[in-house]
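The block underneath contains the structure these notes are about, expressed in structure tokens.
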Amino acid sequence: MAPKAAQGTKKHRTLGTWIKNKWDGLTPSPTPSLQASGSANIGTGMGASIRAVSQEDLTQGLKKEPARKRTASLPGLDDANRMVSQGIAAAPPPLSKALVDGSNDHAGPAKPRESAGVLTQPSPMKVALNFTGTLLKRLPEIVDANPVKVASSLAKIIVEITTAVKDNMDAVDRRIASTCAQLKIVDDALDDPMTYDEKKNIWLREFKRTLECEFAKLYQLREEWLARKILDYEDEKKRIAEIFERVNEARIQFELGTGIAVYKAVNVIRNDLMLLLLDRLKASRRADHKYHAGAKERERLGRAVCTPGTRVDIIHSILTWANDLSSESPSVYWMFGPAGSGKSTIAFTVARRFELTGDETDTIRLGGNFLCSRLFDETRTVTQIVPTIVYHLALRCAAFAETLRVAGNFDAIDQGPATQLKELLVDPWCKSRPLKDEDGLPNPGRYLIVVDALDEMEGTDGSEFLRALLDVIRENKLPGLKFFITSRSDPDLVARVEAFERKEWCRLQDVEREVVRGDIAKYLQTNLPHFKNSREMDQLLTFSGGLFICAVTLVRHLGRLQGHEQRRVIASLFSGSPDLQNSTLSATRLLDVLYNQILSEAFAEFDTDLRFDRLRILHTFLSTPERTTTTTVAPLLFSDDSMVDTSAFSSAAVVNDVLSRLHAVLYTDEKQLVLSYHKSFTDFVYDQNRSKEFCCSQAALNECLAEGCFRIMKAGLRFNMANIPSSFLLDSENSGLAEQVNRKITDDLAYSCRQWGFHLYLATPATESKSLVLMLSDFLQLRALFWIEAMNLLGCVGLCDPTLRATGSWAARVSRKFQTLRKSLGLTTVYEQKDTTLARLCAEAASFALYFSGSPASSSTPHLYVSALATWHGREDICERWRNYFPRIPGFTTRGARAGSTLMEIKVGSEVKAVAVSEDGRVIASGSVGGLLHLWESTTGKVQCALEGHSEWVASVAFSQDGSRIVSGSGDTTVRVWDGSTGMALSILEGHNGEVNSVVFSRDGTRIVSGSCDQTVRVWDASTGTALSVLEGHSSWVRSVAFSRDGSWIVSGSDDKTVRVWDAMTGKAMSKLDGHSGRVWSVAFSPDGTRIVSGSWDKTVRVWDASRGTALSVLKGHSSWVRSVAFSSERTKVVSGSQDRTVRVWDARRGTVLSVLEGHTDTVTSVAFSWDGTRIFSGSDDKTVRVWDVVTGKSLSRLEGHSGWVTSVAFSRDGTRIVSASVGKKVRVWDASTGMALSVLEGHSSWVRSVACSWDARTRIVTGSQDKTVKVWDASTGVALSVLEGHGCAVTSVAWSGDGLRIVSGSSDKTVRVWDASTGMVLSILKGHSDGVCSVAFSRDRTRIVSGSWDRTVRVWDDLIGLVLRVLEGHGDAVTSVAFSRDGTRIVSGSEDKTVRVWNTSTGMVLSVLEGHSNAVRSVDFSRYGTRIVSGSNDKTVRVWDALTGMVLSVLTGHGDAVTSVTFFQDGLRIVSGSDDRTVRVWDPHPIYVDEMAPQPLKAHSRTGWILSVPAKDRLMFVPSSANLPESPCTLLISAEIPSSVVHLRHAALGTEWSQCYSPPS
């Protein structure tokens, strides 16, 4: 390894080579004569004249030289500039006299030093030679590997010379020394070549070229000096000075160019950072007070500064608070008041004041602002507030911007305000905030954040934001930040703010009335100047009262009128409302009068019917759950029959006219969506007491809108709406899909699709709903399927399930109403039943919608039909009816109950230990190994967020009743409470000293109960996290706890085998329930609190009387531990999850099992019901959460299949049936396409060893059994035709002759027997084997028989004479199976020696030995044309071989035990196999599809569910894992234990032909 010094220069090797080469070319060879003469001249020739120069002459001119102007510098170069003006400080120690005198090793003895007491003055020539001569002489010492360091080395020499002769230097010498000192600073700054890359810095390259050129001149001058000595001293001096001046100029240019480049780079970096933050934060532009809106937008936004002279006192108090530097000054100023009191105008004024018109005395500047408005999505979405103000703050504070870039958690962008505040504001701000500024003084950077009109946020989001902000400020000190917030009053927030020790707020309703009146007067006079000092102005002031919104609405209302019209309107306001003269009228009453006047004027000229239509338009504008355009409202309210849709008579014209007439209260945004200027108008219209005849009847309006939605959907919905070209494409891969969707799905159709369920649910559930019942019934016939398609295209498919479930509830409600009124209203029983059917059909349609929306199939809209409808397990009327219209979707058959009710599977990634569902059913929470909690969308299975905090597995999770909080218990011994919307940790409850196994909220959300391995139950205060009580009594781990509905009782289950009931208030044990014989894993109360259910290690579920503690029923059925139990909301059902991997649903009253839900592949650890009892959620150690349909869940029906080893398989001549035998004495016949059981042949008294099907027209089956008999059966009826007896031991093998006339059988009695198939007579007995016969077969021409035996031989027999023709030897162990090729020329045999051998039938020669199996070969067969051989082995595999070459073509894996029997189908392509794993499988070695595998599977065989075409790998269809489709190339699995499914694709319309799968109704 090189020494450190060498390493230091190694990185400069290229540049070092350059300078070395230059030096070698410039340095002259040392000449003795020159060296000698030089030393003599310097030592003696100039003595007298040099001493004659005075000391004063030495420095003259230096002070007169102007100081050089400072330039932009590299880091460290400022020191050089200071050296220019201050002179060069003495640094190194004095040089030796030899150096000062210019002597060297060749100069002879030094001249004696002058007497110390005598002062001598050097002459100018001596000074010149002392400095310049020494400089030139020492040039050979400069050798360095860095090019710029040449200048640095030169500078060092000059510093040394300067120190030695500092009193003998003239102005030129000093300039040279100064230049070199600055070169030394440059060298120090460039010491790290990584800082300034020569290739990228043109200034460095130019500087290098200058140094090269000037140093070459300096070396040339030295050569001339050595030759001339001092013949031309003045000329040399001047040339040296010029060289250094040019070097200095190059240095200045280098510094200046590089400095400018750095300045530009810093600006680019800052701009890039701002663009990065803008992109990642997605800040709202429109929420900024500087946003420049168009004229129309400005009017709607109403953003304006306070009219001069108004709100003076309020604004002064705000400015005083903002500029207050004291530590006592509150961080938040909250201004609140009623609607229309002018809050937004004040906030806008404050924001402008501190950014654009600030005062020099201000101690704070605007850091960020967010002006809320219902006008735009981005300004009414609460999650936009924090990112926007954070972006603004980053623009103003560079330190914060950089910290945000490095440490900001931008994943919080899509989370709730509390998380956003912490991750994007609090943490980065605190990290970036220095305690002192550069001068050591308190940091002066202070910023004001303005957030206006939080009441404009959607729902209660504004209040929630303010609540989160107040909590953050209380918990985290934010030095340098102040917040000015405006909103309507919120009693809860008022209480929170009152709890602050230091608070600042302003109730606008408390401002003196005269002050407000004066401010409003100035506003009105500014906007209506022609009424100044008039009676009308007094009337307007009286009418406005104390509300700015009244004044603003009046100005807007009068704005379109001429002066005389304005007077008339003002007069009408007072003439119609004489009580306005009463100055004590409330603000609400003033608004009522104004809004009544506006509506009266708008609708006065219309008769009753027309007035009703226009009012309905207004009501629709205000009532729709999403804002609408006039073109959407028109078709919703007016059918094509009522108005001709032409330009002259368009219904849209009527809607636009209403909007125009109501311009004072309504407006349209940039998307033409209609909104009201102020929420007070909407409040007015909805209040019957205030608006009277203008009031909106919600139920009637929603009924009308629901009918409009159905009408629009009937006209617009159809199959393949977006003309999708191929089912092979995902929607994201279809580049033209978005354009097609926008073109085909109009705004009114899109609205109807999204909101018909909303309007239907709120419609009147009485006789008026009769038309809606009929419309809904018609909709469900087929159009509902097209609706799901449209919703998927719109990206709203997750709404389908809740919409249909709510519709089912509405239909049930209507049905109950009709039942009550049936007799009085004369409704028929048929109609009543129709409504009941509707509810049931809606339930199945909802389940189907969830089945699609929660599946990867939803990523490709065609697979709604191709995959979801094809594989849907429901068999109710609705889906069967839908399938009738799609004859060419793939066929799909299921075997068993497992595929019967799984609606959705969520892959969590780790073992799931707990699941819970929110009260509204929208969110699923799961806790798993690894300490993670996940929140999932219940309708799509998409993850919402992951909650991190626990350090061990999460054993339990529960929602509060309102869904706002989540509680979790973990193996880390803690209980954690989380915010249900943001996922932010709210509190950590510590106290248990063992794992926390169970947690739950009380229904009122005030308490939490937890059970732990420390044998205790603890009750906590949910708000403060303090322990309220510790319940002790269990003698082992507490596994489960629950509150009763009223919160008065707690139940707990323990490993001590008991269930205990406690008084929740006192902690006293009320009762102990004994009965379980094993650990109690789970307990729960019924909703009414009267019963308790428990699940135990003893495999039982018990239902108890909660008050008496007696067991009501014991539910048995699970084959292993019961891990989790729960009651349904209506108390009628109990669900349980078990170690046996099943979920069972029980009738809670009768104790009978209603259904068994199979699908999980590991322990079911947790189960829960949905709020309506129609869904079950389960978590499992198989790392999944599953959603099940309780309604369509099938009762457990035992799968048909063998209960023992499958010993033999065969297929019918036409390939439609499979026959299999087993040790269970039964022979079973299966449908070869679906795997469905056709018949069971019973009659043998011991297990059946062999089966075969006849090849003639008569379909018969022959079987050989351990009971020594051979039986012949009629395959169609299952009747035994004959019994062939004669063998003395078990019959091991049977076969038919090709013509079906004879049967051959082999036996453990060492014989082969040939039988007449019709009479059952023995035709011949073939003897020769020395041990039991394992296998026999006929040649196709019936002339020969082949047999394999335990004696290791294969024998070929003449069927006619019964003689052995040939004995084939070679196997090293028992021959277990033999078969002829179709042409009879070859025999294949399999043996326990692990090999397969192919023989020449005529010669008996071995043609090939096929090796590959790792265990005994149990069965072999030839394909129809003899080109392939199949073998089954004890190694659990099936192998396909090339019969000619002996190469392995494929290895088929899947069986779980020895493969005992294999055979080819008649088509020569498919293979059927039987195994000791009790299954029969059908294989296609050349399948038409293969399974898509996960790109990075967590384990082997991680299938995605998509099956792909061969070889193109196109997506054919999606099959959920719950369907248990066998893994390709296995196409059919028949088992009594493993449910499965079969796909039929040969007649399906897929790819570009997919639209042909639909056959429209005639």
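Observations on the structure shown:
- Within segment 690-766, helices (runs of 4 or more DSSP H) holding 3 or more residues that are within 30 Å of Asp609 (Cβ to Cβ) and open to solvent by 20 Å² or more (accessible area, probe 1.4 Å): 698-716, 747-762
- Residue match in segment 981-995 (condition: under 17 Å from Ala916 (Cβ atoms), small (Gly, Ala, Ser), part of a loop (DSSP other than H, G, I, E, B) and in contact (Cβ under 8 Å) with a residue 40 or more places away in the chain): yes
Residues checked against (1) in a strand (DSSP E or B); (2) polar (S, T, N, Q); (3) at pLDDT 95 or above:
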{"position": "Gly1300", "(1), (2), (3)": "no, no, no"}
{"position": "Val1304", "(1), (2), (3)": "yes, no, yes"}
{"position": "Gly1348", "(1), (2), (3)": "yes, no, yes"}
{"position": "Ile1361", "(1), (2), (3)": "no, no, no"}
{"position": "Thr1376", "(1), (2), (3)": "yes, yes, yes"}
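- Residue within segment 1328-1342 that is charged (D, E, K, R), more than 29 Å from Asp1393 (Cβ to Cβ) and at pLDDT below 95 present: yes
- Residue in segment 1356-1365 that is more than 60 Å from the chain's Cα centre (by Cα), surrounded by 19 or more Cβ atoms within 10 Å (Cβ to Cβ) and β-branched (Val, Ile, Thr) present: yes
- Every residue from segment 807-824 that is crowded, with 18+ Cβ neighbours inside 10 Å and at pLDDT 65 or above: Thr807, Gly808, Trp810, Ala811, Ala812, Val814, Ser815
- Positions within segment 312-342 being open to solvent by 30 Å² or more (accessible area, probe 1.4 Å), modelled with pLDDT under 85 and β-branched (Val, Ile, Thr), in sequence order: Val312
- The set of residues in segment 1284-1315 being β-branched (Val, Ile, Thr) and within 60 Å of the chain's Cα centre (by Cα) consists of Thr1292 alone.
- Which listed residue, of Ser1540, Ser1521, Ser1535, is on the phi < 0 side of the Ramachandran plot, in contact with a helix residue (DSSP H, G or I) (Cβ under 9 Å, 6 or more places away or on another chain) and of a type in the set (S, T, N, Q): Ser1540
- Those residues of segment 449-466 which are part of a helix (DSSP H, G or I), aliphatic (A, V, I, L, M) and under 19 Å from His289 (Cβ atoms), in sequence order: Leu454
- Within the span defined as segment 891-908, every residue fails to be of a type in the set (A, V, I, L, M), under 22 Å from Trp1020 (Cβ atoms) and either in contact (Cβ under 8 Å) with a residue 60 or more places away in the chain or in a strand (DSSP E or B) (or both).
- Complete set of residues in segment 394-419 that are in contact (Cβ under 8 Å) with a residue 60 or more places away in the chain, of a type outside the set (Ser, Thr, Tyr) and either in a helix (DSSP H, G or I) or in contact with a Cys (Cβ under 9 Å, 6 or more places away or on another chain) (or both): Ala394, Leu395, Ala398, Ala401, Glu402, Leu404, Arg405, Phe410, Ile413, Gln415, Pro417, Ala418
- Close pairs (9 angstrom Cβ cut-off, 6 or more residues apart or separate chains): within 12 Å of Thr1292 (Cα to Cα) in segment 1230-1254, open to solvent by less than 10 Å² (accessible area, probe 1.4 Å) and modelled with pLDDT under 90 anywhere: Trp1247/Gly1204
- Of all residues in segment 1170-1185, those satisfying the criterion of being among the polar types (S, T, N, Q) and open to solvent by less than 10 Å² (accessible area, probe 1.4 Å) are Ser1170, Ser1178, Ser1180.
- Long-range neighbours under 6 Å by Cβ, at least six apart or interchain, first residue closer than 21 Å to Arg286 by Cα and modelled with pLDDT of 90 or more within segment 440-454, second of a type in the set (S, T, N, Q) and not in a loop (DSSP other than H, G, I, E, B): Val450/Asn369
- Within segment 1479-1494, considering residues that are in contact (Cβ under 8 Å) with a residue 40 or more places away in the chain and hydrophobic (A, V, I, L, M, F, W, C), the one farthest from Trp1205 (Cα to Cα): Ile1488
- Segment 1306-1324, residues that are outside any strand (DSSP E or B) and open to solvent by less than 10 Å² (accessible area, probe 1.4 Å): Ala1317
- Flag for Ser1254 being out of contact with any Leu (no Cβ under 9 Å at 6 or more places or on another chain), modelled with pLDDT of 95 or more and open to solvent by less than 10 Å² (accessible area, probe 1.4 Å): no
- Test: residue in segment 1112-1122 that is surrounded by fewer than 18 Cβ atoms within 10 Å (Cβ to Cβ) and within 27 Å of Arg922 (Cβ to Cβ): no
- Residue satisfying all of: in segment 1141-1169; surrounded by fewer than 20 Cβ atoms within 10 Å (Cβ to Cβ) and more than 31 Å from the chain's Cα centre (by Cα); nearest to Ser1077 (Cα to Cα) among these: Gly1151
Per-residue answers, yes or no, for (1) part of a loop (DSSP other than H, G, I, E, B); (2) at pLDDT below 95; (3) out of contact with any strand residue (DSSP E or B) (no Cβ under 8 Å at 6 or more places or on another chain):
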site	(1), (2), (3)
Leu1199	yes, yes, no
Ala1210	no, yes, no
Ile1218	no, yes, no
Lys1225	yes, yes, no
Ser1233	yes, yes, no
Val1270	no, no, no
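- Given (1) farther than 18 Å from Arg303 by Cβ; (2) acidic (Asp, Glu); (3) surrounded by 24 or more Cβ atoms within 10 Å (Cβ to Cβ), number of the condition Glu464 does not satisfy: (3)
- Single unsatisfied condition, Phe348 versus (1) modelled with pLDDT of 80 or more; (2) assigned to a helix (DSSP H, G or I); (3) of a type outside the set (Lys, Arg); (4) open to solvent by 40 Å² or more (accessible area, probe 1.4 Å): (4)
- Pair list, Cβ < 9 Å and 6+ apart or interchain, from segment 1215-1227 residues that are farther than 13 Å from Val1472 by Cβ to residues that are open to solvent by 40 Å² or more (accessible area, probe 1.4 Å) and of a type in the set (Ser, Thr, Tyr): Ser1222/Ser1203; Val1223/Ser1203; Gly1224/Ser1203; Lys1225/Ser1245; Lys1226/Ser1203
- Considering residues of segment 649-685 that are modelled with pLDDT under 80 and under 20 Å from Asp609 (Cα atoms) only, the residue surrounded by the fewest Cβ atoms within 10 Å (Cβ to Cβ): Phe649
- Of all the residues in segment 583-616, those that are exposed (fewer than 15 other Cβ atoms within 10 Å of the Cβ) and either at pLDDT 80 or above or not hydroxyl-bearing (Ser, Thr, Tyr) (or both) number 9.
- Residue in segment 859-876 that is open to solvent by 10 Å² or more (accessible area, probe 1.4 Å), part of a helix (DSSP H, G or I) and modelled with pLDDT of 95 or more present: yes
The values are calculated or read from the model by the stated rules, or taken from the named source; none is laboratory data. Bear in mind the structure is a predicted one, so any value in this text is a computation, not a measurement. When we count neighbours, we look across all protein chains shown, and the Cβ atoms used for this are built from the backbone with ideal geometry, even at glycine. Ligands, DNA and RNA are excluded from the accessible area calculation, which covers all protein heavy atoms including side chains. Shrake-Rupley method; radii C 1.70, N 1.55, O 1.52, S 1.80 Å.
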